[in-house]
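J.: Below are the structure tokens for one structure; questions will follow.
The values are calculated or read from the model by the stated rules, or taken from the named source; none is laboratory data. Computed from a predicted structure; not experimentally measured. No Cβ is skipped: glycine too gets one built from the backbone with ideal geometry, and neighbour counts run over all protein chains shown. Only protein heavy atoms, including side chains, enter the accessible area calculation; ligands, DNA and RNA are left aside. Shrake-Rupley method; radii C 1.70, N 1.55, O 1.52, S 1.80 Å.
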Amino acid sequence: MAEKIFTPSELYEAWPVLSPEERVEGFEFLKRDDADDFFLQLSARDRAELLLALPLGERRLWMRLLAPDDAADVIQEAPVDERDSMLSLLDDTTRREVKGLLDYAEDEAGGLMNTRYSRLRTDMTVDEAISYLRRDARAREKTVYYVFVVDNEEHLLGVVSFRDLLVAQGDKLVRDIMRTEVISAPEDLDQEALSKLFMRHHLLMMPVVDAEGRIKGVVNLNDIVDVVQEEATEDIQKLGGVQTLEEPYLQVPLLRMIRKRAGWLAALFLGEMLTATAMGQCEAEIARAVVRALFVPLIISSGGNSGSQATTLVIRAMALGEVRIRDWWRVIRREVVTGLGLGLILASIGLVRILLWQGMFDAYGEHYFLVALTVALSLVGVVLWGAVAGSILPFVLRGLGFDPASASAPFVATLVDVTGLVIYFTVAAAVLRGTLL
């Protein structure tokens with residue numbers, strides 16, 4: 001590493017696999033302008049780790065480069081015993097702002113907002129406003145999309161875009177060109193609900209207000225992009241049957257990784273034991289018609305796959321606000337029709353496969369057609385049941401106050417495996433009775 005000088009892009013690509021010492025060495029090789037841009041590209045966690053690895057004098061320099069909301073994020077990612085020392089690196093004004101932000105939960109609008117934003121008074125003329133904003137903009141690089149109009153007590157009165165100011169006559173008052181219908185977020189609004197508010201109204205910036213309507217700060221689109229990625233990652237991990245990882249994959253210690261995955265895996269294993277129990281109950285029938293056992297993996301995997309598809313689609317639709325609890329009956333009706341259609345498709349494929357193998361290899365004996373019919377009917381039933389069960393479970397969890405993403409695909413597959421066996425053996429008992437049974 002000592003002989004290798006990274007460009008900023010090379011260092012960024014290599015960052016996840018570098019040791020703390022290599023990261024510091026590579027970072028200190030960068031030119032100052034490149035280092036500024038590189039530091040601002042890092043996640044809050046990586047910034048915190050890098051800062052703690054730097055000498056104290058350099059920490060102060062880089063901490064003061066951050067906006068208050070970014071500084072708060074970095075401090076929250078630092079170990080608890082280091083937070084006060086990192087807070088002390090800030091100047092007095094920024095320290096007060098950051099302390100105020102740290103009072104909010106990380107996943108609330110107040111915890112995401114930047115307390116520095118551009119504001120105007122209603123009685124300013126357009127020329128005065130532009131002159132003021134020209135001086136003010138240097139300190140508001142992240143928040144220059146809109147300007148918010150407030151009174152003496154910081155109550156939010158309206159919003160003006162820079163375009164509105166530039167095209168308005170210079171002697172007009174701000175109150176005459178501002179828009180009074182402002183989309184704002186309560187300071188305790190959950191970050192997931194905040195991201196939906198951004199998407200619904202296609203905003204670049206949103207003011208955060210307290211219960212009295214006083215503006216406390218602003219949230220930018222860049223912050224919401226991070227929130228959407230975080231929420232999507234959390235949901236995807238839950239869908240995979242894993243507890244949420246709070247760090248990048250390669251940075252999670254192995255023991256913690258095992259602990260995060262072992263709980264769900266053990267629960268699913270215990271659930272799959274019911275599959276063995278169900279087969280044990282039908283041991284005598286299986287012994288009399290061993291050919292049925294050949295199709296057990298085919299039947300239960302088809303039902304599990306169908307259920308996993310349904311639950312994934314419904315959970316994602318819920319996350320996007322496309323489906324609500326009141327839509328449960330519409331969803332189930334759709335999944336009944338869809339599951340029936342998918343079941344018929346798989347049943348046709350299974351039927352053709354068994355008939356072809358019988359014709360070529362005489363694989364299933366004289367009652368091959370009944371075997372094929374059993375498999376086909378079972379596939380229809382199991383796939384239909386998988387689709388319905390997979391679509392119902394997220395609604396049940398949401399109704400009970402749990403995260404629908406907890407209805408992971410492996411969990412649904414395990415549930416449908418057990419019930420799929422019951423369906424298969426029940427159909428077999430009805431169709432094969434008097435022949436193989």
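J.: Considering every residue within region 274-293, establish whether at least one is at pLDDT 80 or above and either open to solvent by 50 Å² or more (accessible area, probe 1.4 Å) or not in a helix (DSSP H, G or I) (or both).
T.: no
J.: Something else: Do any residues in region 93-121 that are within 25 Å of residue 175 (Cβ to Cβ) and part of a helix (DSSP H, G or I) have Cβ atoms under 6 Å from those of residues that are of a type outside the set (Val, Ile, Thr) and open to solvent by less than 40 Å² (accessible area, probe 1.4 Å), where the two are at least six apart or on different chains, and which pairs are they?
T.: none
J.: Separate question: Search region 400-429 for residues that are more than 17 Å from residue 237 (Cβ to Cβ) and pair each with any residue that is modelled with pLDDT under 85 and open to solvent by 40 Å² or more (accessible area, probe 1.4 Å) when their beta-carbon atoms are under 6 Å apart and the residues are at least 6 apart or on different chains.
T.: Hits for this filter: 414/272; 418/274.
J.: On to the next question. Of the numbered conditions (1) closer than 20 Å to residue 220 by Cβ; (2) touching a strand residue (DSSP E or B) at 6+ places or on another chain (Cβ under 9 Å), residue 122 satisfies every one except a single condition; which is it?
T.: With respect to (1) closer than 20 Å to residue 220 by Cβ; (2) touching a strand residue (DSSP E or B) at 6+ places or on another chain (Cβ under 9 Å), residue 122 is out only on (1).
J.: Every residue in region 1-57 that is outside any helix (DSSP H, G or I) and surrounded by fewer than 14 Cβ atoms within 10 Å (Cβ to Cβ), please.
T.: Hits for region 1-57 are 2, 3, 4, 5, 7, 19, 31, 55.
J.: Separate question: What do you reckon, is residue 375 open to solvent by less than 10 Å² (accessible area, probe 1.4 Å), touching a residue at least 60 places away in the same chain (Cβ under 8 Å), closer than 18 Å to residue 332 by Cα and out of contact with any strand residue (DSSP E or B) (no Cβ under 8 Å at 6 or more places or on another chain)?
T.: Taking the combined requirement at face value, the residue does not satisfy it.
J.: Test each condition in (1) β-branched (Val, Ile, Thr); (2) buried (at least 17 other Cβ atoms within 10 Å of the Cβ); (3) over 23 Å from residue 39 (Cβ atoms) for residue 74 and report the one that comes out false.
T.: Exception for residue 74: condition (3).
J.: Taking the stated definitions as given, is residue 68 in contact (Cβ under 8 Å) with a residue 40 or more places away in the chain and touching a Leu at 6+ places or on another chain (Cβ under 8 Å)?
T.: It is true that residue 68 is in contact (Cβ under 8 Å) with a residue 40 or more places away in the chain and touching a Leu at 6+ places or on another chain (Cβ under 8 Å).
J.: Would you be able to say whether some residue in region 238-259 is among the polar types (S, T, N, Q), surrounded by fewer than 17 Cβ atoms within 10 Å (Cβ to Cβ), touching a helix residue (DSSP H, G or I) at 6+ places or on another chain (Cβ under 9 Å) and part of a helix (DSSP H, G or I)?
T.: Scanning region 238-259 turns up at least one residue that is among the polar types (S, T, N, Q), surrounded by fewer than 17 Cβ atoms within 10 Å (Cβ to Cβ), touching a helix residue (DSSP H, G or I) at 6+ places or on another chain (Cβ under 9 Å) and part of a helix (DSSP H, G or I).
J.: Mind telling me which of the residues 170, 217 ends up being of a type in the set (Gly, Ala, Ser) and either crowded, with 16+ Cβ neighbours inside 10 Å or in a helix (DSSP H, G or I) (or both)?
T.: 217
J.: Among what's in region 58-76 and is of a type outside the set (A, V, I, L, M, F, W, C) and in contact with a Ser or Thr (Cβ under 8 Å, 6 or more places away or on another chain), pick the residue that is nearest to residue 218 (Cα to Cα).
T.: Here the residue is 69.
J.: Right, another one. So how many residues does region 327-385 have that are touching a Ser or Thr at 6+ places or on another chain (Cβ under 7 Å), more than 17 Å from residue 425 (Cβ to Cβ) and β-branched (Val, Ile, Thr)?
T.: Residues flagged as touching a Ser or Thr at 6+ places or on another chain (Cβ under 7 Å), more than 17 Å from residue 425 (Cβ to Cβ) and β-branched (Val, Ile, Thr) within region 327-385 amount to 2.
J.: Right, another one. Please determine, by comparing only the residues of region 164-212 that are touching a strand residue (DSSP E or B) at 6+ places or on another chain (Cβ under 6 Å) and of a type in the set (Gly, Ala, Ser), which one is farthest from residue 125 (Cα to Cα).
T.: 185
J.: Of everything in region 398-417 that's assigned to a helix (DSSP H, G or I) and open to solvent by 30 Å² or more (accessible area, probe 1.4 Å), which residue is modelled with the lowest pLDDT?
T.: Ranking the candidates gives 406 first.
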